[in-house]
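The values are calculated or read from the model by the stated rules, or taken from the named source; none is laboratory data. Source: prediction; values computed, not measured. Because the Cβ atoms are built from the backbone with ideal geometry, glycine has one as well, and the counts that use them run over all protein chains shown.
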Amino acid sequence: MTRLFCFLFTALTALSFAQGRMRGDIQVQIDLVNVQDDKVRVTVIPPRFDESTLVYHIPKIIPGTYSTDDYGKFVEDFKAFDKSGKPLSVTQPDINSWSIANAKKLDRITYLVNDTYDVEHSHEIFSPAGTNIAPDNYMLNLHGFVGYFANKKETAYALTISHPETLWGATAVDDQDASATSDLFLYSRYFDVSDNPIMYAKPDYTQFEVDGMQILFSIYSPNGAVRAADVASDIERMMRAQKKFLGNINQNKKYAILLYLSTMQKDAQGFGALEHHNSTTVVFPEMMPKEQLASALIDVVSHEFFHTVTPLSVHSREIHFFDYNNPQMSQHLWMYEGVTEYFANLFQINQGLITEDEFYSRMTSKMENASRMNDKMPFTKMSRNVLEEPYKSQYLNVYEKGALIAMCMDIIIREKSGGQRGILDLMKKLSEEYGSKRPFEDQELFPKIIALTYPEVGDFLNTYVAGETPIPYMDFLARVGVRNVKKQQPENVFLNNQTPYITIKPGTKSIMIVDQEFNSFLKGLKLQPEDVIYEINGTAYNLDNLYDLIMTSQQWKEGDPITMKISRKGKEMNIKGKVKLDTREVEGISGTDEHSALRESWLKG
């Protein structure tokens, strides 16, 4: 039976490749069944090309990451063959490229791919953009497995993936093969291949519809700590709120959220998400408490979904015709990432998911973070040169100052329109003007924005975004009646500002109290320096889940009951008490009685 199945599968695959070649497709097969030494074999069969030499590229950089990652370094044993199986001469001009001689005779190429998750210490690839090869999970960010031929990025692809019957591939693209062990995905060009990740795992997913858009939420939790059903209601609430906020600006028919939960042990270490037109890949630690995981998903996934507005809908030629191996960057990261991050926060206050004070706290944090960056570096110049220093080290400011740029523009438009319009209205008009199929020229964006809004918006862009002048944020916030105030902020019970009250006992994995001036929490429980904590509220803690303890403690409220099992000078003790939270005075912002109508239209309009 096994031999017969293999024969039939080989025959059907060969037939599929032959039909694809007749159509002019690039045929690709990824074998997830016969994995050897943690490596996956990829076979590529191109249509007949006329060139005598062909260059095959694996991406050096991908859209959305703004970093040089060199995915070609995870490829090995690259070979090219003619129709009779005879090897063709292959040279490698750089780490991401392979040059094939006598290419008119080329029948197929084969190579092996290593994954990135289990060697994250050796590279800087952001985990949601990385790859995983494991018996119970395959994270296929396809730019790590499938490449393109030089000058052939617009050629169609047919991707066949053979996989164990126990694993199911979650993706936004429809599977064209009804087989339980083989999937077929069709793409119109290479960008669509790289833009549609697939996660293979034991099926654990939910699906629901929001205003005509199908949402797929699939999760991989290696220890079964979290199921899709545990956080599905939070995801659905978020997506419904986003769709309501965006209105008809969003035209997605299907959207996939692929959540990988890491054990943090020789596993993915970079937490966050990466956007695509119809999906997002997310990586978080498996040990996160469910409440905090749900909150983090709302913040992170909402940011990625808002990328369907920009740059996925409104973008420049540099984004539309992205060069994976010699990229030219756009100067408008303030819009691609900044407006997106701003929307991810604004929609939550707009739709009642967070309070006004929570929104102000987030904006205050962004002002503080932005002040630590180079506030005089023109944002357009940083964006254009973001792949090289000194601009590269300023990239994270796109999520801080970038969002604040959007906030100030929103306030200007609200003020000039009497509260009737804001930056969301601007993005809708830009989407109608351009859309996903029509890119703009970098230099035409500012004039277009001015034409769609007001000269004052142009003055702001030229002074604070293209210029070197730091933004006086409070001057803009004052226009909607928001002022500086003093606020009391709760401290974490295990942190003295940024200095921890706990450490790891030398030679063990045990958590030990540090000798320093205690806070009210530690004093109330009558803990002592060098006490060793074994359990809190029935959960055992040590070095392996120390992060879990810190994250869980952030959810504690004043007066919550606490039980601890500790060791003091070798003697085990049980301690009972209640949570006591110290606070510290911090600078904050808050709404006043001034301009309340304009502020209401800004936050709730």
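For Lys509, which of the numbered conditions (1) surrounded by 13 or more Cβ atoms within 10 Å (Cβ to Cβ); (2) over 31 Å from the mean Cα position of the chain (by Cα); (3) of a type outside the set (Val, Ile, Thr) fails to hold?
The number of the failed condition is (1).
Limited to the stretch 492-504, what total is found for residues that are assigned to a loop (DSSP other than H, G, I, E, B) and surrounded by fewer than 16 Cβ atoms within 10 Å (Cβ to Cβ)?
Within the stretch 492-504, the first condition is being assigned to a loop (DSSP other than H, G, I, E, B), and the residues that meet it are 492-494, 497-498, 501.
If we keep only those that are surrounded by fewer than 16 Cβ atoms within 10 Å (Cβ to Cβ) as well, we get 497-498.
The total comes to 2.
I'd like the residue in the stretch 101-152 that is crowded, with 23+ Cβ neighbours inside 10 Å and of a type in the set (Gly, Ala, Ser) and, out of all such residues, is farthest from Val42 (Cα to Cα).
Across the stretch 101-152, the extreme among qualifying residues is Ser127.
Among the residues of the stretch 90-118 satisfying the criterion of being of a type in the set (Lys, Arg) and in a helix (DSSP H, G or I), which is nearest to Asn326 (Cα to Cα)?
Across the stretch 90-118, the extreme among qualifying residues is Lys104.
Residues of the stretch 136-167 being over 23 Å from Ala103 (Cβ atoms) and without any contact (Cβ under 8 Å) to a residue 40 or more places away in the chain, which ones?
Glu165, Thr166
Check Glu585, Glu558 and return the single one that is among the acidic types (Asp, Glu) and either more than 36 Å from the chain's Cα centre (by Cα) or in a strand (DSSP E or B) (or both).
Just one listed residue meets the conditions, Glu585.
Could you figure out which of (1) farther than 28 Å from Met427 by Cα; (2) assigned by TED's automatic domain parsing to the domain that holds Pro63; (3) surrounded by fewer than 22 Cβ atoms within 10 Å (Cβ to Cβ) isn't true of Phe191?
Of everything listed in (1) farther than 28 Å from Met427 by Cα; (2) assigned by TED's automatic domain parsing to the domain that holds Pro63; (3) surrounded by fewer than 22 Cβ atoms within 10 Å (Cβ to Cβ), Phe191 misses just condition (1).
Among the residues of the stretch 574-605, what is the count of those that are more than 30 Å from Lys290 (Cβ to Cβ) and not hydroxyl-bearing (Ser, Thr, Tyr)? Outline the logic, then answer.
Step one: filter the stretch 574-605 for residues more than 30 Å from Lys290 (Cβ to Cβ), giving 585, 587, 589-602, 605.
When the remaining residues are screened for being not hydroxyl-bearing (Ser, Thr, Tyr), the result is 585, 587, 589, 591, 593-595, 597-600, 602, 605.
The number of residues fulfilling the criteria is 13.
Quick one: would you say Gly169 is within 27 Å of Gln265 (Cβ to Cβ) and outside the structural domain of Glu51 (by TED's automatic domain parsing)?
No: the conditions fail for Gly169.
Scan the stretch 197-217 for residues that are touching a residue at least 40 places away in the same chain (Cβ under 8 Å) and either closer than 25 Å to Thr166 by Cβ or in the same structural domain as Pro135 (by TED's automatic domain parsing) (or both) and jot them down.
Of everything in the stretch 197-217, those that are touching a residue at least 40 places away in the same chain (Cβ under 8 Å) and either closer than 25 Å to Thr166 by Cβ or in the same structural domain as Pro135 (by TED's automatic domain parsing) (or both) turn out to be Pro197, Ile198, Met199, Tyr200, Ala201, Lys202, Gln214, Ile215, Leu216, Phe217.
Sort out which residues of the stretch 32-89 are under 23 Å from Asp118 (Cα atoms), charged (D, E, K, R) and assigned to a loop (DSSP other than H, G, I, E, B), and write them in order of number.
Asp37, Asp38, Lys60, Asp69, Asp70
Would you mind finding the one in Lys79, Lys83, Lys73 that is surrounded by fewer than 17 Cβ atoms within 10 Å (Cβ to Cβ), assigned by TED's automatic domain parsing to the domain that holds Ser122 and touching a Lys or Arg at 6+ places or on another chain (Cβ under 8 Å)? Step through it out loud before you land on a result.
Details: Lys79 fails: touching a Lys or Arg at 6+ places or on another chain (Cβ under 8 Å); Lys73 fails: touching a Lys or Arg at 6+ places or on another chain (Cβ under 8 Å).
It is Lys83.
Being among the small types (Gly, Ala, Ser) and out of contact with any helix residue (DSSP H, G or I) (no Cβ under 9 Å at 6 or more places or on another chain) is the filter here, so list the residues in the stretch 231-265 that pass it.
Within the stretch 231-265, Ala232, Ala256 qualify.
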